[in-house]
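Undergrad: First the structure, then my questions, so here it is.
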Amino acid sequence: MKRVRLFIQVLIGICVCGFVSCHSGKDELCDHDKADPEPFNNYLEQQAVPQIVDYRSEADYAKGHIKGAESIPVSVVELDGTNGDCAYVKKVMAKFDVNKPLFVYGGKDAFGTNGMAVPGQLACKFCSVTLLVGGYDAWVEAGLPTEK
């Protein structure tokens, strides 16, 4: 029960954070692309050094992840109050170049399947954000390479 409550709080926090972080004047998340595993892999291969964010838990990341992915789990979401940017977005921006494409994935859960908030809030800051449809589970099912 505690886990479900935490999941709901995180989901609500991400949604709120995503709405606040977009400076487009709209009450929605910023646009991002979605790609199935094969096209997602093709996009990664086109990059000299792809910027990949795995926003699953650290435990899931340790079990396996896409080669070169950086673990930045969505676990605690808070607004920092300075200019409406989400602390999570700032954490990702600190590690990656906002002028280069960003590739993100979660699990098969609510975050990874529809990518409701994480890609949308990141797309407000990065030049291009692409979500892996179906998340890491879809990547594995497609037989694409992983590492531990």
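Undergrad: I'd like to verify a number: residues in the stretch 64-110 that are part of a loop (DSSP other than H, G, I, E, B), of a type outside the set (A, V, I, L, M, F, W, C), at pLDDT 95 or above and under 15 Å from residue 136 (Cα atoms), how many?
TA: Selection size over the stretch 64-110: 3.
Undergrad: Restricted to the stretch 38-75, and to residues that are in contact with a Pro (Cβ under 9 Å, 6 or more places away or on another chain) and basic (Lys, Arg), which residue is farthest from residue 133 (Cα to Cα)?
TA: 67
Undergrad: In the stretch 111-131, what residues are at pLDDT 90 or above and out of contact with any Gly (no Cβ under 6 Å at 6 or more places or on another chain)?
TA: Start the filter on the stretch 111-131 by keeping residues that are at pLDDT 90 or above, which leaves 125-131.
Listed by number, the residues that qualify are 125, 126, 127, 128, 129, 130.
Undergrad: Which pairs turn up if I take residues in the stretch 82-97 that are within 12 Å of residue 55 (Cβ to Cβ) and among the β-branched types (Val, Ile, Thr) and look for partners that are in a helix (DSSP H, G or I) and at pLDDT 80 or above with beta carbon separation below 7 Å, at least 6 apart in sequence or on another chain?
TA: Listed pairs, sorted by first residue: 89/121; 89/122; 92/122.
Undergrad: If residue 148 satisfies all but one of (1) farther than 14 Å from residue 31 by Cα; (2) in contact with a strand residue (DSSP E or B) (Cβ under 8 Å, 6 or more places away or on another chain); (3) modelled with pLDDT under 95; (4) surrounded by 17 or more Cβ atoms within 10 Å (Cβ to Cβ), what's the number of the condition it fails?
TA: (4)
Undergrad: Right, here's the next one. Output the residues belonging to the stretch 45-63 that are of a type outside the set (Val, Ile, Thr) and either assigned to a strand (DSSP E or B) or loosely packed, with under 14 Cβ neighbours inside 10 Å (or both). Quick ask: steps written out before the conclusion?
TA: Keep residues of the stretch 45-63 that are of a type outside the set (Val, Ile, Thr), which gives 45-48, 50-51, 54-63.
The answer is 45, 46, 47, 48, 51, 54, 58, 59, 62, 63.
The values are calculated or read from the model by the stated rules, or taken from the named source; none is laboratory data. Small disclaimer: the values here were computed from a predicted structure and weren't measured. Cβ atoms come from the backbone with ideal geometry, glycine included; neighbour counts cover every protein chain shown.
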